[in-house]
Every structure is written in C-alpha cells, then in structure tokens.
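In what follows, a structure is listed as structure tokens, so that the remarks can point back to it.
The values are calculated or read from the model by the stated rules, or taken from the named source; none is laboratory data. The shown structure was predicted, so the numbers you read here are calculated from the model rather than taken from an experiment. Don't worry about glycine lacking a Cβ; one is built from the backbone with ideal geometry, like all the others, and counts go over all protein chains shown. Accessible surface is based on the protein model in full, side chains and every heavy atom, while ligands, DNA and RNA are left aside. Shrake-Rupley method; radii C 1.70, N 1.55, O 1.52, S 1.80 Å.
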Amino acid sequence: MSTPDLPFRATTAEACAWLEQQTGTPWTLARILDSALIPVVWLDYDAAYPDLFGDANGGYAAPIYFADDVARLAAGSADILITMTKDAYKLPVRLPAPGFTRSLDQLRFQKRDLERLVGKLKQEVQAAQEEKQKLATTETQAGISKAEVLHAFGALVKLNLDQALDEAIGIFGDDGARVKASAKKSKRNAVWNPVTLALGLHDVYRAPIGPLKRAFTSHDFLHAWRGNWEESLRLLGK
C-alpha cells in the first residue's frame, strides 16, 4: 500500500492515518498529544487584537501548548479552547478570558513535527531490537551447545557431526568454531559459535548456503546470531 502525501498542515484524521501507515499501530488524537506534538490552529487576522497579530495581517498558525488546553483536547473535548498561545512573533501570550474557541476540525499538525516523531519512534524500535539481540547473544554465553549444533546443522552435512564435535579437530576445535576454554572443565560445557561453524561447514564440507540461512531463521536459539550471520554473508558476497 502506498503512503499518502502528508500535507504541510495535516488534519487529525490525516495525521492519524499517516502515522498508522508509518508505524503499523493505530493512532488517536490523544496518542498524538501524548507524544508531545504541538497542534496549531489558524487564526485569521482580527483588528481587535493588534498585538497578537503584529505584521501578520493575513493571520498565522497559533500553537496549542498550554497544559490545560492540551489536556482538555486529549480528554475528548467537542471543541478547541485556547487560553494561552504564542503571538505571530512566537512570544507567549495569555488570551483574554475565556480564550478563543474553535471547532475541532480546525486542529492541524505540522508535517515536520509528524516526520520527526516517526523518525524518533523508528530509532527507539531499532535501539530496542539491538539491545534485545545484544542481551540474547550474552545469554547464549557466546556459543550454542552440542545438542543445538546437531539440531540446527546435523542434517546439512555428510559426516558424523556428533563425533566431529567430540573430536574437536579443525573447524570444530578451539582454533575453529568452538569457543576457547568452554570445554576446559568438561566436554559437556563446550559451546560453538554458530556463525563461524556454519561458514566452516559451507567452505569445508560443502553445506549449502540456502539451508544454512533457513537454520538461522527457523531455530529460536539462533535468532540472536542472525544479524552476525547475515553481515558475514554480506561481507563475503554470498
């Protein structure tokens, strides 16, 4: 589905629809306001308030940023009440009581603010994913167990992988994919770096790349290594 063009000043409906397409989650006016976006309302020039408009004789977009005004909108008010705003020169000003009232459909959100919000949200999601991957990698203690190696790669090579892991020679040993010192106390404690091992199985034992790729997507215990695996393939041009 193509993303619709975002107007310079979007209505609430346009802003919610665009944000939903960008983030994949539903948006409401309350959620936009909770994200600290400042809506604006266009005020046509009014000669009764010369200090408010100054040289902006055509009017200007007045921001709604006062906490009470924003809270009223977020609570689901039927209209807009502006008791404080900024004048045409961007200086704070309190409006004469009881303030300016406008219809709810006049509320607008600036395109640049919406785009900035989406950029921030995407950065937060990426940072959370990276942290999750980092944590998962740490929890694997830098390797996967013999049982996990056999489960992920045992059917992809024509050799006794169980025996090869126990013998720990070549790509299966400390100079290959086995994490150094992991088997210092017992073979049962040995773990292997699955990325190094998979590359070795491909280069030395001709394990096909396709099934190796699928292994990193289909086994939960390999998900933490998927980023390193894909980056290794990219660097190798595979």
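Remarks
- Residue satisfying all of: in the stretch 57-68; free of Cβ contacts under 8 Å to residues at least 24 places away in the same chain and open to solvent by less than 60 Å² (accessible area, probe 1.4 Å); nearest to P98 (Cα to Cα) among these: F66
- Hits in the stretch 75-116 - residues which are out of contact with any helix residue (DSSP H, G or I) (no Cβ under 9 Å at 6 or more places or on another chain) and among the β-branched types (V, I, T): T101
- Helices (runs of 4 or more DSSP H) wholly inside the stretch 128-238 containing at least 2 residues that are open to solvent by 50 Å² or more (accessible area, probe 1.4 Å), in contact with a His (Cβ under 8 Å, 6 or more places away or on another chain) and touching a residue at least 12 places away in the same chain (Cβ under 8 Å): 146-153
- Top-ranked residue in the stretch 54-70 [being assigned to a loop (DSSP other than H, G, I, E, B) and of a type outside the set (S, T, Y); ranked as nearest to Q106 (Cα to Cα)]: I64
- L161 meets all of the listed conditions (1) under 21 Å from A224 (Cβ atoms); (2) touching a Gly at 6+ places or on another chain (Cβ under 6 Å) but one, namely (1).
- Residue list for the stretch 1-35, restricted to those being of a type in the set (A, V, I, L, M) and open to solvent by 70 Å² or more (accessible area, probe 1.4 Å): M1, A13
- Residues that are of a type in the set (V, I, T) and open to solvent by less than 70 Å² (accessible area, probe 1.4 Å), drawn from the stretch 36-48: V40, V41
- Criterion violated by L37 - all others in (1) in a helix (DSSP H, G or I); (2) under 17 Å from F109 (Cα atoms); (3) touching an Asp or Glu at 6+ places or on another chain (Cβ under 7 Å) satisfied: (1)
- Of the residues making up the stretch 97-120, those that are within 12 Å of I32 (Cα to Cα) and assigned to a helix (DSSP H, G or I) are D113, L114, L117, V118.
- Taken over the stretch 71-96, residues that are open to solvent by less than 70 Å² (accessible area, probe 1.4 Å) and either among the hydrophobic types (A, V, I, L, M, F, W, C) or in a helix (DSSP H, G or I) (or both) amount to 10.
- Cβ-Cβ contacts under 7 Å between residues 6 or more apart (or on different chains), taken from a first residue in the stretch 107-118 that is open to solvent by 30 Å² or more (accessible area, probe 1.4 Å) to a second residue that is assigned to a helix (DSSP H, G or I) and of a type in the set (F, W, Y), are absent.
- Taking the numbered list (1) open to solvent by less than 70 Å² (accessible area, probe 1.4 Å); (2) part of a helix (DSSP H, G or I) in turn, D51 passes all entries but (1).
- Screening Q123 with (1) within 37 Å of the chain's Cα centre (by Cα); (2) surrounded by fewer than 11 Cβ atoms within 10 Å (Cβ to Cβ); (3) modelled with pLDDT under 90 gives one miss only, at (3).
- Qualifying positions in the stretch 198-231 - at pLDDT 90 or above and of a type in the set (A, V, I, L, M): A198, L199, L201, V204, A207, I209, L212, A215, L222
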